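The values are calculated or read from the model by the stated rules, or taken from the named source; none is laboratory data. In this text, all values refer to a predicted model and were calculated from it rather than measured experimentally. Please note: Cβ atoms are built from the backbone with ideal geometry, for glycine as well, and neighbour counts cover all protein chains shown.
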Amino acid sequence: MNALDGVASRYWWKGSLSCDRETLLLMKTESDRVGEVVAALKQLHPYEVPELLSVAIDDGAPAYLEWLRDSLADPPATPPERAGAS
């Protein structure tokens, strides 16, 4: 998961233009688990209509895609503090 703080969001809500600072989360999972993730996020999110989107991964760096597949197949019991950081 990636958390991008301070994203400037502008959107129409109930007839008015809203401008807010938000945190954008990018979460990666397998396509057959998207429904489960969306359901959990809907329960946790404070917005009446949260922005929950699913984007298919069509291509990418082979080494990263292999790492992602491996990570989703057998996630660690406790997440590393900074996986891949040097």
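Things worth noting here:
- Scoring Ala77 on the criteria (1) outside any loop (DSSP other than H, G, I, E, B); (2) at pLDDT below 95 leaves a single failure, condition (1).
- Flag for Leu41 being of a type in the set (A, V, I, L, M, F, W, C), surrounded by 10 or more Cβ atoms within 10 Å (Cβ to Cβ) and outside any strand (DSSP E or B): yes
- Neighbours by Cβ (under 7 Å, 6+ apart or cross-chain): first from the stretch 18-38, more than 22 Å from Glu66 (Cβ to Cβ); second among the aromatic types (Phe, Trp, Tyr): Ser18/Tyr11
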